[in-house]
Amino acid sequence: MSEVAPQLRARLRDALERRVVRWWITAVLIVLVGSIASPFIAAAARLQGERDAISATLAGANLEDRDAAAVALAERGEVALFGETLSSPRLKQIGRDLFDTKGRVVDVPLVVEVLVMPRYPAWAPAYLVETPWMPFGIALAIVAAAVGSVWLGFFLGFMGVAAGTTALSAIGLAVGRPSVAFVATGMAGLVVTFTLLMRLLLVVLGGRAGWMAVAQTVVREAVRLRISLGFIVTVLVVLPLIPVFIDPASPLRYQIQTFMARSLDLAYVCAACMTLMLGCATVSFEIRDRQVWQLLTKPLDRLSYLLGKWAGIVGLNVVLLLVTGVGIFLFVQSMRARPALDELDAIAVRDEVLAARDSSEPVYTRLTREQLQAAVDATIESDAALKQDIQDGRRKLEDVRREVSTESQKEHLASQRQVAPGESRELVFPGLGSARAMGGTMVLRFVMHAGASDSHSVYPILFRFKDGSWIDRKFVPVQASTITLPVDLIDDQGRLQIEFMNVSFDAKAKEFAPGPTTFNWDQGAVQVLYRVGGFEGNYLRGMAVNLVKLSFLAMLAVCSATILSFPVACLLSFGIFLAGSMSPFLADSLKYPIVELGEGPIGQTVREIILGLAASMELLLRPFGQTGTNDALVRGINVGWGLVIEAVGVIGLAWTGLTLVIGWAAFRRKELAIYSGQG
């Protein structure tokens, strides 16, 4: 019996080497997966058709005109569809609040989802039938993986993993542990996909060019080395576990944001560490062990050697980001099917998290040249000590005017960002025409300071709009607060006018009272966020920027190892990576420097040197930190094409190219026979 299994495996391998057998298995797999996926695709298409029909019905509905569809929705929470009436007690409860002041439905997509949700088939997970492309895309991915395993020589392993995953999932579901099935399926999917794409990468790099041979060697080395393999395994194993440990009782938007923040940072940091360690190791170890002699004695120049090392690491990063990126995206889609706390939570998920949003900040007036000059003259004239310093030559008049001018402009702008008790200030947010055209909702986000800015205190604030409506809220100082607003508040010029009032409203007495203290806000702390695109395109652009940054890190590690030993190359590469990632925090800290080294000239000189070095480092590495996209994806901020172009141009071409030139110039002058080690 012990010899039967090896013989059977050998016969199966021989059979799978035949092209005819592979074509038959391919056809069977396509038919099998298609037959399984067809009910999901049909259900998703039916639900999408119902959504489109309801949207078309409500698009022209107007309660002010007593339109039949609008009246039915407002009074009974009903919508007629294909001779059938869809109703929702929740919509009936909301009633008139579903419509704006002009009688139009404020949020048609929300109404559609509330009506369609009970019509989801009970036999299918909600995320699989939410959109028609989801079941089709998953089926296509499964077919691609299965067929790829057949033609890449991994079919037996693929079937073994599939069988084991199915058994674990069945056991988990049988004992009432669906999380076991989720984790097992997620891990198996990521591992199988990574294995298949790695084999495909080796096929792609199987050309006869010298740099391709070097790149293929790097890919094979990455699988052998424990350094790089440890980071890869960590990502593939931990990712499916993250959703399991997120509290399902918290608001859905926070669940999704928590998962995205942890998973995106995990994938990027592990990929960056793997890139730096592998890039330094693969070159420095070959030089140390004299393996590079065998390569460079062949018709392979040193530039091709460096490009091959870089291409191999970049190819590995493409595979890793593709696997983790698709995995994170699918996990997010499955999590969004979890129940939301209420309609506001569902709206926040759709319009604030799984979206691409731009922002509009209020317009503040600046002092004109004449006003600024008058303010400077008045300040100097009223300050006797300052006038005396100028007359005695201790200070130059030009320097004083420049300092006073800057301070006067800052004070003028700051005065427009504060509201005293009982007073108000009107802010105008421009450039919202695209938000008005797209429809839906927008979000007013604000961070206020009041009193001692104690996080345990609460202060009132009231927002009044151009149409006379108003909203009263309570805010906690130094904590971000948001308010969802309908886009019909935007005027025809694409402007939103909001009056910030420092008053409180007593609902029982129906009276307004001044707030307890003045509140103010920093520059950029008040903004309107509005949807400009979908999550899918935004996510793809964000991952592309991450790949560009990883490509630079790969070149940095490879070129560092051509000059330095492995420990020193790692120290340099990781130092630049950490400094670049922390450059936004360094820029903020430079605004308020705290470097106390005494009052003497030596202490002041050392202080200036330290601040100068920090400022120079922040300036040089600023693009690396500014192009961070993970936080933007978590908060639903648009990763625009301008940012992608900047990342490609500055980091992908300029930085990577300059690093290659420096590394190649040093490498071509290096005497490998002397510096290759002992023994």
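The values are calculated or read from the model by the stated rules, or taken from the named source; none is laboratory data. Just so it is clear, the structure is predicted and the values come from calculations on it, not from any experiment. A quick note on method: Cβ atoms are made from the backbone with ideal geometry, for glycine too, and the neighbour counts reach across all protein chains shown.
Say whether the condition of being touching a Lys or Arg at 6+ places or on another chain (Cβ under 7 Å) and at negative phi is met by at least one residue in the range 313-327. Break it down into steps so the answer makes sense when it comes.
Pass one, the range 313-327, residues touching a Lys or Arg at 6+ places or on another chain (Cβ under 7 Å): none.
Taking every residue of the range 313-327 in turn, none turns out to be touching a Lys or Arg at 6+ places or on another chain (Cβ under 7 Å) and at negative phi.
Would you pick out the residues in the range 399-457 that are β-branched (Val, Ile, Thr) and over 28 Å from the mean Cα position of the chain (by Cα)?
400, 404, 406, 419, 428
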- Query: List, please: which pairs have Cβ atoms under 7 Å, are six or more places apart or on different chains, and start with a residue in the range 509-521 that is in the same structural domain as residue 480 (by TED's automatic domain parsing) and end with one that is of a type in the set (Asp, Glu)?
  - Reply: 513/506
- Query: Within the range 212-231, which residues are surrounded by fewer than 17 Cβ atoms within 10 Å (Cβ to Cβ) and small (Gly, Ala, Ser)?
  - Reply: 230
- Residue within the range 279-287 that is within 21 Å of residue 324 (Cβ to Cβ) and in contact (Cβ under 8 Å) with a residue 24 or more places away in the chain present: yes
- Could you check residue 172 against (1) over 28 Å from residue 310 (Cβ atoms); (2) touching a residue at least 40 places away in the same chain (Cβ under 8 Å); (3) over 30 Å from the mean Cα position of the chain (by Cα) and say which number it fails? (2)
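What number of residues within the range 11-31 satisfy the criterion of being free of Cβ contacts under 8 Å to residues at least 40 places away in the same chain and farther than 13 Å from residue 153 by Cα?
Start the filter on the range 11-31 by keeping residues that are free of Cβ contacts under 8 Å to residues at least 40 places away in the same chain, which leaves 11, 14-15, 17-21, 23-24, 27-28, 31.
Restricting the remaining residues to those that are farther than 13 Å from residue 153 by Cα gives 11, 20, 23-24, 27-28, 31.
Summing the residues that are free of Cβ contacts under 8 Å to residues at least 40 places away in the same chain and farther than 13 Å from residue 153 by Cα in the range 11-31 gives 7.
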- Query: Any idea how many residues of the range 232-256 are surrounded by fewer than 20 Cβ atoms within 10 Å (Cβ to Cβ) and part of a helix (DSSP H, G or I)?
  - Reply: 8
- Message: Of all residues being of a type in the set (Lys, Arg) and outside any loop (DSSP other than H, G, I, E, B) in the range 470-516, which is surrounded by the most Cβ atoms within 10 Å (Cβ to Cβ)? Just the residue, please.
- Response: 473
- Message: surrounded by fewer than 18 Cβ atoms within 10 Å (Cβ to Cβ), assigned to a helix (DSSP H, G or I) and assigned by TED's automatic domain parsing to the domain that holds residue 336: is that true of residue 176 in this structure?
- Response: no
- If you take the residues of the range 513-559 that are under 20 Å from the mean Cα position of the chain (by Cα) and β-branched (Val, Ile, Thr), which of them is modelled with the lowest pLDDT? 532
- Item | Residue ID - nearest to residue 543 (Cα to Cα), chosen from residues in the range 257-313 that are surrounded by fewer than 17 Cβ atoms within 10 Å (Cβ to Cβ) and among the β-branched types (Val, Ile, Thr) | 269
- Task: Working carefully through the options 126, 44, 59, find the one that is small (Gly, Ala, Ser) and at pLDDT 85 or above.
- Result: 44
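Out of all the residues in the range 146-165, which are of a type in the set (A, V, I, L, M, F, W, C) and without any contact (Cβ under 8 Å) to a residue 12 or more places away in the chain? Let's see the steps before the verdict.
Residues of the range 146-165 of a type in the set (A, V, I, L, M, F, W, C): 146-147, 150-152, 154-156, 158-159, 161-163.
Residues satisfying the conditions are 159, 163.
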- Quick one: residue 208 ticks every box in (1) touching a helix residue (DSSP H, G or I) at 6+ places or on another chain (Cβ under 9 Å); (2) free of Cβ contacts under 8 Å to residues at least 40 places away in the same chain; (3) under 30 Å from residue 303 (Cα atoms) except a single one, so which number is it? (1)
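Please verify whether residue 261 is in a helix (DSSP H, G or I), closer than 15 Å to residue 228 by Cα, of a type outside the set (Ser, Thr, Tyr) and out of contact with any strand residue (DSSP E or B) (no Cβ under 6 Å at 6 or more places or on another chain), treating the condition exactly as stated. If you could, list the steps in order and put the result at the bottom.
On the way: in a helix (DSSP H, G or I): yes; closer than 15 Å to residue 228 by Cα: no; of a type outside the set (Ser, Thr, Tyr): yes; out of contact with any strand residue (DSSP E or B) (no Cβ under 6 Å at 6 or more places or on another chain): yes.
No; evaluated as a whole, the condition is false for this residue.
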- Message: Yes or no: the range 32-53 includes at least one residue that is within 30 Å of residue 531 (Cβ to Cβ), outside the structural domain of residue 484 (by TED's automatic domain parsing), touching a residue at least 24 places away in the same chain (Cβ under 8 Å) and touching a strand residue (DSSP E or B) at 6+ places or on another chain (Cβ under 6 Å).
- Response: yes
